[in-house]
1. When N is the residue count of segment 1-66, what does its C-alpha Rg come to as a fraction of 2.2 N^0.38 Å?
2. Can you work out the Karplus-derived ³J(HN,Hα) for every residue in segment 17-28? Use 6.51 cos²θ - 1.76 cosθ + 1.60 with θ = phi - 60°, whole Hz, and x for glycine or proline.
3. What's the local net charge at residue 42, with K and R +1, D and E -1, over the other residues with C-beta under 14 Å away?
4. Would you check the accessible area of residue 17, probe 1.4 Å, heavy atoms only, in square angstrom rounded to 10?
Amino acid sequence: KPFYDHVLGFTYLDGRIWFRNFQITDQTEGSLVEVGPRFCLWLIKIFSGSFSGNVIYENPNYKSPNQYRTELKIAASHRYKAKAEKNAKKAAVEIVPKEDEFERFSTL
């Protein structure tokens, strides 16, 4: 198998850690070709231990998927309530006939 030199790039941008994997194609020029995989990490928490311990960092902008879905459902319910109230106001408006229409029916 041929020998490949790789360069791993970690960049912090927009509150995320961007990971890129490059291969060095020419040793003399130092040209790089991205070979992948590439992905993005979004920090939620950093613990003092491997998977437990004191919380060193916690992302204040992170919302769990359950919390995000709950907020979407609440927003949809507010839209539904506003639409229902609007339709109820339309239905509550009464059409009052003019006085001469009453007279027509009273002569029968």
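1. Values: Rg = 17.0 Å, N = 66, 2.2 N^0.38 = 10.8 Å.
Cα Rg divided by the expected 2.2 N^0.38 Å: 1.58.
2. Those phi angles translate into 9, 9, 10, 10, 10, 10, 10, 7, 8, 10, 5, 6 Hz.
3. On the way: positive: 16, 45, 63; negative: 14, 58.
Every neighbour counted, the sum reads +1.
4. Roughly 40 Å² of residue 17 is accessible to a 1.4 Å probe.
The values are calculated or read from the model by the stated rules, or taken from the named source; none is laboratory data. Model, not experiment: these values are computed from the prediction. As a convention, Cβ positions derive from the backbone with ideal geometry for all residues, glycine included, and neighbour counts pool all protein chains shown. Please note that ligands, DNA and RNA were not included when accessible areas were found on the heavy atoms of the full protein model with its side chains. Shrake-Rupley method; radii C 1.70, N 1.55, O 1.52, S 1.80 Å.
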